[in-house]
1. Could you name every one of the strands (runs of 3 or more DSSP E) located completely within the stretch B:279-397 that has at least 1 residues being facing chain A (nearest Cβ under 10 Å) and over 30 Å from residue B:249 (Cα atoms)?
2. Mind listing whichever residues of the stretch B:117-140 are surrounded by fewer than 23 Cβ atoms within 10 Å (Cβ to Cβ) and within 21 Å of residue B:281 (Cβ to Cβ)?
3. Taking the stretch B:343-397 only, how many residues are within 24 Å of residue A:148 (Cβ to Cβ), among the hydroxyl-bearing types (Ser, Thr, Tyr) and surrounded by fewer than 17 Cβ atoms within 10 Å (Cβ to Cβ)?
4. Which of the following residues is buried (at least 22 other Cβ atoms within 10 Å of the Cβ) and either within 10 Å of chain B (Cβ to nearest Cβ) or of a type in the set (A, V, I, L, M) (or both): A:114, A:98, A:103, A:76?
5. Any idea which of (1) modelled with pLDDT under 90; (2) closer than 30 Å to residue B:358 by Cα; (3) of a type in the set (Ser, Thr, Tyr) is the one residue A:284 doesn't satisfy?
6. Which condition does residue B:275 not pass, out of (1) over 30 Å from residue B:305 (Cα atoms); (2) surrounded by fewer than 20 Cβ atoms within 10 Å (Cβ to Cβ); (3) under 28 Å from the mean Cα position of the chain (by Cα); (4) of a type outside the set (Lys, Arg), if it passes all the others?
7. Using beta carbons and a limit of 8 Å, which pairs, at least six apart or on different chains, have the first residue in the stretch A:31-42 and at the interface with another protein chain (Cβ under 7 Å from one of its Cβ atoms) and the second one in a loop (DSSP other than H, G, I, E, B)?
Protein chains: 2
Amino acid sequence: MSKADRWLLPDGVEELLPEQASQVEILRRKLLDLFSSWGYELVIPPLIEFTDSLLVGLGSDVDIQTFKVVDQMSGRTMGIRADITAQTARIDAHSLKREGPVRLCYAGSVLHTRPKSLMASRTPIQVGAELYGDAGLDSDIEVICLMLETLHCSGVKNITLDLGHVGIYRALIKEAGLSEEAQQKLFDALQRKSTVDIEEAITSGINDPEMADMMRTLSQLNGDNSVLARAKTALAKAPGEVIAAIEVLEKVAEKIFLRMPSVRIYFDLSELRGYHYHTGLVFSALAPGHGQAVANGGRYDHIGEVFGRARPATGFNTDLKALLSYLEKGTAKDASTILAPTSDDLNDAEELALWQLVQRLREEGEQVIYGLSGQACTLEYSRNLVLSDGQWTVKNR
Amino acid sequence: MSKADRWLLPDGVEELLPEQASQVEILRRKLLDLFSSWGYELVIPPLIEFTDSLLVGLGSDVDIQTFKVVDQMSGRTMGIRADITAQTARIDAHSLKREGPVRLCYAGSVLHTRPKSLMASRTPIQVGAELYGDAGLDSDIEVICLMLETLHCSGVKNITLDLGHVGIYRALIKEAGLSEEAQQKLFDALQRKSTVDIEEAITSGINDPEMADMMRTLSQLNGDNSVLARAKTALAKAPGEVIAAIEVLEKVAEKIFLRMPSVRIYFDLSELRGYHYHTGLVFSALAPGHGQAVANGGRYDHIGEVFGRARPATGFNTDLKALLSYLEKGTAKDASTILAPTSDDLNDAEELALWQLVQRLREEGEQVIYGLSGQACTLEYSRNLVLSDGQWTVKNR
């Protein structure tokens, strides 16, 4: 390997240099403070766990996304987390074991074996919030509002909230009595939103013509809130859970609209993202100019079961690195740095007095940088420390 | 695997629950703000890199500590970082490519295949600062002072600064003309500070009796600053670099003492920690009750060479998790949470007014938590929001 190639980072793996890093740090603090003001407590789960606890209940997508290594101390397989949600669920179910609602939040690096989409990072900084122990709509609404507020704080504008409910498809598919294979075919076709394949999967897999019609309609039930009225009519003969789920969507949308009237709400009743672990309402936020959702979440009520406590759960997360592109540019850097001279020509008393002043200025929030002997100063600074009449003072440059 | 075992974390891998997590977060911000006030710019290197760039110049210790995985996209080997120092050196040498001194800092998770010591974490949160582009003593002094200030900010008391210089041993060993094997034997014996093995290695490996005597003395040159005077006499006939290195230690100790007279300085002239990549002054900080150094660093001038630019470098780092134990306990949690009622019995106007007040309070820095329908409130709160005469107000409980 030549010297010139050494610095190459793997595809989808990026470093953040000072300007971007400080933007990310500012945003990170802002969001964690936001979560705290909503009552969400910070947890810091480890970067690595046994796959036995890390991958439970998350479906095969996360499994494939997770790098595995062998623990030299136990011989067991560990995974480097590709997602923090399951870790938080474990903390709620096992480590905290509290009664009643528990609100948790986190911010940390995760690793993906492959990028989730063409432009996605393989080393996102995942930030998110999860609400455990409450199955009611209040919780779904709270988490959705917090997701929207998170994006608002990050400078994301013209947000579209995408709402779905996996219970609708789940109830229909159960009623339709499809074979495992036919189910998979239909599921794939719906995921890809391929009209031809959906039709083919329905025709070949569902015998009952009424059922086939409902499934056909479902695939087209997306758009503004006229969709819900259409759905109620078209799916009137579906199992009770279907209508109940539509009414959940109705109520939630109403409350979100009351609180955040500027957010556009888009319904997608055949939305199947995270179908394998979500159990109810699913939601994501889209912003102009980005094909992928900028944040997403949903209800996942049974994930804690394997840890010995099934707790209702809903939450959302986003990627700090992806949010970077929405931050306002050109907030002019405050070049108010103070330069302290090198100690080359100072006696001990002068040097000590300088050091004490420098320390005091730093404590007061100033940035003070010492010059280094024999180095030309390449630093941008607006003030420096000058000795006159035995006193150190800050002078404008 | 039984349900009860699922939650077990691997040995040396720990999670931080709310109380500890918020302490770590507060300390993290405090230290990054401290680094910034000293002029150190934050960088965020990725969690993973090709081993070709991640492991250069760090010696075999770091290699063994690094988890390796295969990049599915390129087939090349990647390492999950066990140390952030080399990444920062790459950023300085290649990504920034600035002239003159560059000050960088970082805070991030690293992974170790095995704990560095019995009680150490395998998932430390490494924080540190590095100064590139200056070979002068000013830089060593600055970095040592920043390390001490970091520990001071973290509540570590009665710090002992351990100072050494790998140039002393390096010059002596070169002069002594030991075989590769004899060198390794002596190095191991010195590392373990085993008097018997040191004597055996010297007797069998060094023919010149004067040289053997100097090496014997070196292994005992540790203690307070009387050590330096002793060293100058005992090593008077050693190569010039040895005396130069002793004088470096003298000057640095003098400046540190001037600035921070309460810090105890301990010299250890046969200190060989990080010998394979350090090139000059090495230092660590010890605190009562902890066998291991709580922070350490040193000069490593050639690490950037493989990235195409050899830049002088010195820096230090510590582990946020290890610092946790020094933080003052019992800073009573401010239970001033405000509880907002559920919207169950509210009309739209009341609910909207409540939401707007809640949002305003949160923006003002209050923590406001909504009650959830049908849930007994298990929350600790001191105030709640009450509707009287059509107006929402904050009332003490």
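1. Numbers: elements: B:281-286, B:295-299, B:313-319, B:338-340, B:368-370, B:383-388, B:391-396.
In the stretch B:279-397, the matching strands (runs of 3 or more DSSP E) lie at B:338-340, B:368-370.
2. Residues of the stretch B:117-140 surrounded by fewer than 23 Cβ atoms within 10 Å (Cβ to Cβ): B:117-121, B:126, B:133-138.
Of everything in the stretch B:117-140, those that are surrounded by fewer than 23 Cβ atoms within 10 Å (Cβ to Cβ) and within 21 Å of residue B:281 (Cβ to Cβ) turn out to be B:126, B:133, B:134, B:135, B:136, B:137, B:138.
3. Matching residues across the stretch B:343-397 total 1.
4. Details: A:114 fails: buried (at least 22 other Cβ atoms within 10 Å of the Cβ); A:98 fails: buried (at least 22 other Cβ atoms within 10 Å of the Cβ); A:76 fails: buried (at least 22 other Cβ atoms within 10 Å of the Cβ).
Testing whether each residue is buried (at least 22 other Cβ atoms within 10 Å of the Cβ) and either within 10 Å of chain B (Cβ to nearest Cβ) or of a type in the set (A, V, I, L, M) (or both) leaves just A:103.
5. (1)
6. Evaluating residue B:275 over (1) over 30 Å from residue B:305 (Cα atoms); (2) surrounded by fewer than 20 Cβ atoms within 10 Å (Cβ to Cβ); (3) under 28 Å from the mean Cα position of the chain (by Cα); (4) of a type outside the set (Lys, Arg) leaves (1) as the failure.
7. These pairs meet every condition: A:36/B:367; A:37/B:365; A:37/B:366; A:37/B:367; A:38/B:367; A:39/B:337; A:39/B:367; A:39/B:379.
A quick yes/no check of all residues on (1) out of contact with any Lys or Arg (no Cβ under 6 Å at 6 or more places or on another chain); (2) within 7 Å of another protein chain (Cβ to nearest Cβ); (3) assigned to a helix (DSSP H, G or I):
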| residue | (1), (2), (3) |
| --- | --- |
| A:12 | no, no, no |
| A:21 | yes, yes, yes |
| A:53 | no, yes, yes |
| A:64 | yes, no, yes |
| A:68 | yes, no, no |
| A:86 | yes, no, yes |
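The values are calculated or read from the model by the stated rules, or taken from the named source; none is laboratory data. Please read these numbers as outputs of a predicted model, since none were measured by experiment. Backbone-built Cβ (ideal geometry, glycine too); neighbour counts: all protein chains shown.
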